[in-house]
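First comes the structure, then the notes that go with it.
The values are calculated or read from the model by the stated rules, or taken from the named source; none is laboratory data. Note that the coordinates shown come from a computational prediction; the quantities given were computed from them, not determined experimentally. Don't worry about glycine lacking a Cβ; one is built from the backbone with ideal geometry, like all the others, and counts go over all protein chains shown. Only protein heavy atoms, including side chains, enter the accessible area calculation; ligands, DNA and RNA are left aside. Shrake-Rupley method; radii C 1.70, N 1.55, O 1.52, S 1.80 Å.
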Amino acid sequence: WLFILCFYVGIIAAAWAFLKPFLIFKGINADKVAFYVGIYGSVLGALASFAAIKINNIFSKRTILIIFGSLNSAAILMLYFMVGADINDFLLIASVSLCVISMSFSTSVIFALMMEFSRKNLRGSDYALQSALRLIFRTVSVVICGILITNFGYGFAFLALSILMILAVWAVWARPI
């Protein structure tokens, strides 16, 4: 569980953190990036969180982790393939949408599982420890992604993140929680 807790959201969070500078690096106007990632992304993320609640009630947690993790992988791979592409409005909206939906879905399932993995008599402290661990790894993954981008470029960093996400999905598939 701790492996999933650390890697699952941390990886997509690193991709999300660098979406804005990546789009600006690709020549998209900063105001357009701010609107689509900030305003549009926030509204879509909120709607996706509501949808995730419904989806969480339909499937098992393992199935949800595999589906949402696969969506994370697709979002990061889309960014990888965009490195060499000209970005038009369709790609801009599609990439922001896929990233924010996968981030919202993943965060919602992880928060639900954090409560399930908290002992009844220690729910507050167990949840707090898991939350702190998730935040620490999320922060570390963003820093490592920044180092990869600085030294090897966006393409390498997005490819590395997608491989890590695929490994996290495989871990869920190979050893159910």
Practice item. Among the numbered conditions (1) open to solvent by less than 50 Å² (accessible area, probe 1.4 Å); (2) assigned to a helix (DSSP H, G or I); (3) in contact (Cβ under 8 Å) with a residue 40 or more places away in the chain, tell me where Asp126 comes up short. Key: (3)
Review point. Is there a residue being at negative phi, in contact (Cβ under 8 Å) with a residue 12 or more places away in the chain, loosely packed, with under 13 Cβ neighbours inside 10 Å and not hydrophobic (A, V, I, L, M, F, W, C) anywhere in the range 103-118?
Key: yes
Check your understanding: Is it fair to say Ser70 is in contact (Cβ under 8 Å) with a residue 60 or more places away in the chain, at negative phi, surrounded by fewer than 17 Cβ atoms within 10 Å (Cβ to Cβ) and in a helix (DSSP H, G or I)?
Key -> yes
Review point. When Ser97 is evaluated against the numbered criteria (1) modelled with pLDDT of 90 or more; (2) of a type outside the set (A, V, I, L, M); (3) farther than 24 Å from Val37 by Cα; (4) crowded, with 17+ Cβ neighbours inside 10 Å, which criterion, by number, is the only one it fails?
Key: (3)
Check your understanding: With respect to Asn121, is the statement that it is assigned to a helix (DSSP H, G or I), of a type in the set (S, T, N, Q) and open to solvent by 60 Å² or more (accessible area, probe 1.4 Å) true?
Key -> yes
Check your understanding: Is it true that Val140 is farther than 24 Å from Ile28 by Cβ, buried (at least 20 other Cβ atoms within 10 Å of the Cβ), aliphatic (A, V, I, L, M) and more than 12 Å from the chain's Cα centre (by Cα)?
Key -> no
Exercise for review: Output the residue which, of all residues in the range 16-30 that are part of a helix (DSSP H, G or I) and either of a type outside the set (A, V, I, L, M) or under 16 Å from the mean Cα position of the chain (by Cα) (or both), is farthest from Phe111 (Cα to Cα).
Suggested key: Phe25
Check your understanding: Does Tyr80 count as among the aromatic types (Phe, Trp, Tyr), in contact with a Ser or Thr (Cβ under 7 Å, 6 or more places away or on another chain) and surrounded by 15 or more Cβ atoms within 10 Å (Cβ to Cβ)?
Key -> yes
Practice item. Identify, from the list Val33, Val37, the residue that is more than 23 Å from Ile110 (Cβ to Cβ), in contact with a helix residue (DSSP H, G or I) (Cβ under 8 Å, 6 or more places away or on another chain) and crowded, with 17+ Cβ neighbours inside 10 Å. Key: Val33
Study note, to complete from the structure: All-but-one check, Asp86 against (1) at pLDDT 85 or above; (2) open to solvent by 60 Å² or more (accessible area, probe 1.4 Å); (3) out of contact with any Phe, Trp or Tyr (no Cβ under 9 Å at 6 or more places or on another chain); (4) part of a helix (DSSP H, G or I), failing number (4)
Check your understanding: In this structure, is Gly45 in contact (Cβ under 8 Å) with a residue 12 or more places away in the chain and buried (at least 16 other Cβ atoms within 10 Å of the Cβ)?
Key -> yes
Review point. Of the residues Ser49, Ser95, Ser104, which is part of a helix (DSSP H, G or I), more than 23 Å from Ser131 (Cα to Cα) and small (Gly, Ala, Ser)?
Key: Ser95
**Study point:** Ala157 among the hydrophobic types (A, V, I, L, M, F, W, C) and open to solvent by less than 20 Å² (accessible area, probe 1.4 Å)
**Key:** yes
